[in-house]
1. Residue under question is Val73, and the condition is that it be within 20 Å of the chain's Cα centre (by Cα), assigned by TED's automatic domain parsing to the domain that holds Asp143 and not aromatic (Phe, Trp, Tyr); does it hold?
2. Could you please let me know if Leu59 is in a helix (DSSP H, G or I) and under 15 Å from Ala161 (Cα atoms)?
3. Among the residues of region 263-293, what is the count of those that are within 16 Å of the ligand (Cβ to nearest atom) and among the small types (Gly, Ala, Ser)?
4. Taking region 185-197, which residues are in a strand (DSSP E or B) and either away from the ligand (no atom under 14 Å from the Cβ) or more than 22 Å from Ser223 (Cα to Cα) (or both)?
5. Identify, by number, the condition in (1) within 13 Å of the ligand (Cβ to nearest atom); (2) at positive phi that Gly228 doesn't meet.
6. Could you please find all residues in region 174-220 being without any contact (Cβ under 8 Å) to a residue 24 or more places away in the chain and under 30 Å from Gly65 (Cα atoms)?
7. Mind checking whether some residue in region 86-101 is closer than 29 Å to Asp186 by Cβ and within 13 Å of the chain's Cα centre (by Cα)?
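The values are calculated or read from the model by the stated rules, or taken from the named source; none is laboratory data. Not measured: the values here are computed from a predicted model. Ideal geometry is used to build each Cβ from the backbone, glycine not excepted, and the neighbour counts take in all protein chains shown.
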Amino acid sequence: MPQIPGNAVGARFTGWGRALPPKVLTNHDLEGMFETSDQWIRERTGIERRHVGGTTAGLSIESGGLALGMAGVDPLDIDALVLSTSTPDRTVPATSATVQHGLGLKCGAFDVNAACSGFVYATVVAHGLIAMGARKVLLIGTDTLSRITDWDDRNTAILFADGSGAAVLEATDGPGQLLGWDIDSDGSAEELLFCEVGGTIHMDGKEVFRRAVRIMVDSAKKSMAIAGVTADDIALVVPHQANIRIISAACDRLGVPMERAAVCIHETGNTSSASIPLALFEAADQGRLSAGDLVLLVGFGAGMTAASVIIRWGV
Ligand code: COA
């Protein structure tokens, strides 16, 4: 991926929000649905419970409203809405149309679908919009995977869940937060993880696992090279929350200790587009980030896609 031109208009996150549906499904609840155990799910995935319910638009309006409130931005001042989701409420129109109306925005709105890499893709797109003259962009990552999960399939039903994370991205006078970025896709791996229109998710879990670690690490290394930083410089890695063993193996290969990873998978399961913003903004809300810290966001997903960005927090 190219270097970011030195004269590009910079941007930074000025507000964020998180939303999870109130209904919680624990591993013990799943024990009553198919043959599995709390212990197996914890050991193999790191997941203890997950939230399910709601619609993609509803969760997006909730997280987006919180982000606008924190940033203190009038909805009428937002120049564009970018919604990352692979579980739109309707095929047409894009769910961003519903969200735009629900939040009282008057601006262009569109969905991005890059599966679980989607929020990082959308982050790159949003920075691009600012580089081209937009001043304020609302960026949301939401998925309601419970609606496309086969609840009789123990291979997938233990993993997937619902949630949303949102951020207001505003133009700045300085260089901004984005130091490096990478987006990748390998469509030859499509059959490893897919959902037909109106269907449920099919997954070759073992092969997805094997490739996930490699493509996350590759993407992260590309972004770090563009940013001119090394793993030692990264204060916080925010990986896609798919499986704690994938996170741990990726951190290991990158040379980043797990203490420097943001992890919320035990509470959320795999929420696809929402997983990275949920983990990032939880870490921010917990005071784990200081101004100037380097943060690596890195995702992978169906496609198979991978994406990463290096951002300098709070500049
Ligand atoms: N509960 C209990 N046992 C289960 C089970 C469950 N939910 N699911 C599978 N098993 C069994 C298998 O049948 C198998 O039994 P066997 O040895 O008698 O054949 C055994 O547990 C091991 O199964 P395996 O598929 O090898 O487990 P795994 O360690 O690969 O874990 C996943 C399975 C799905 C958790 C793991 O492969 C994974 O997370 N893959 C990546 C998926 C992913 O990230 N998808 C989203 C991408 S965005």
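1. Working: within 20 Å of the chain's Cα centre (by Cα): no; assigned by TED's automatic domain parsing to the domain that holds Asp143: yes; not aromatic (Phe, Trp, Tyr): yes.
Here the answer is no, as Val73 does not meet what is asked.
2. So Leu59 passes the test.
3. Selection size over region 263-293: 6.
4. Leu193, Phe194, Cys195
5. (1)
6. Gly198 - this is the single residue of region 174-220 that is without any contact (Cβ under 8 Å) to a residue 24 or more places away in the chain and under 30 Å from Gly65 (Cα atoms).
7. Yes, some residue in region 86-101 is closer than 29 Å to Asp186 by Cβ and within 13 Å of the chain's Cα centre (by Cα).
Residue-by-condition table, conditions (1) within 16 Å of the ligand (Cβ to nearest atom); (2) at pLDDT below 95; (3) aliphatic (A, V, I, L, M); (4) out of contact with any helix residue (DSSP H, G or I) (no Cβ under 7 Å at 6 or more places or on another chain):
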| residue | (1), (2), (3), (4) |
| --- | --- |
| Arg18 | no, no, no, no |
| Val24 | no, no, yes, yes |
| Glu31 | yes, no, no, no |
| Glu48 | yes, no, no, no |
| Leu59 | no, no, yes, yes |
| Val73 | no, no, yes, yes |
| Leu83 | no, no, yes, no |
